[in-house]
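Encoded as structure tokens, the structure appears first; notes follow it.
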Amino acid sequence: MFDILMYLFENYIHSEAEIMVDHDLLTDELSRAGFHQDEIYKALAWIEKLAALQECETHPYITRVVGKSVRVYTQDENARLDTECRGFLLFLEQVNVLDFATREMVIDRVMELETKDFCLDDMKWVVLMVLFNVPGREQAYSQMEDLIFDEQEGPLH
């Protein structure tokens with residue numbers, strides 16, 4: 001499923017190509033690209049849930065938290081997000097690429113992925129996908145893009 005999300009992001013969203021909204025046409029194209037239909041449906045559902053996270057005004061991700069807070073990860077989140085991924089999320093919060101709401105959206109979307117091997121590079125792409133889909137976070141998206149595509153040597157944080 002993650003490969004499909006990457007394909008869609010690179011070929012439509014990131015390339016600024018016109019996005020097809022017809023699920024049947026998109027499903028056909030993804031099938032021709034070699035993806036399995038059940039994985040295509042899961043990926044499209046993942047994208048729809050991402051959009052729903054920021055549309056729902058009663059969703060807890062949109063609620064403002066007063067003051068500083070500390071994120072405590074659940075056992076399942078710790079199993080999926082290794083120390084490097086959790087540290088990167090903290091780094092992104094510290095440099096104001098993510099706020100608490102977008103951080104929670106990223107964690108939500110990561111936990112919905114059906115992949116055994118989730119790494120820091122995957123996390124970076126999920127962050128990009130989330131920031132791209134949240135209105136008003138264009139500057140944060142640009143900063144994240146710079147972090148990913150900057151060809152510096154060494155770690156980002």
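Coordinate-derived values only; no laboratory data. Just so you know, these numbers come straight off a predicted model, no measurement behind them. Quick reminder, even Gly has a Cβ in these numbers, built from the backbone with ideal geometry, and neighbours come from all protein chains shown.
Structure summary
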quantity	calculated
Length gained when the stretch residue 90-residue 73 is fully extended (0.36 nm per residue, less Cα-Cα span)	4.9 nm
FRET efficiency, 1/(1 + (r/R0)^6) with R0 22 Å, evaluated for residue 100 and residue 146 via beta carbons	0.50
Extended-chain gain in nm, criterion 0.36 nm per residue less alpha-carbon gap, residue 83 and residue 139	17.5 nm
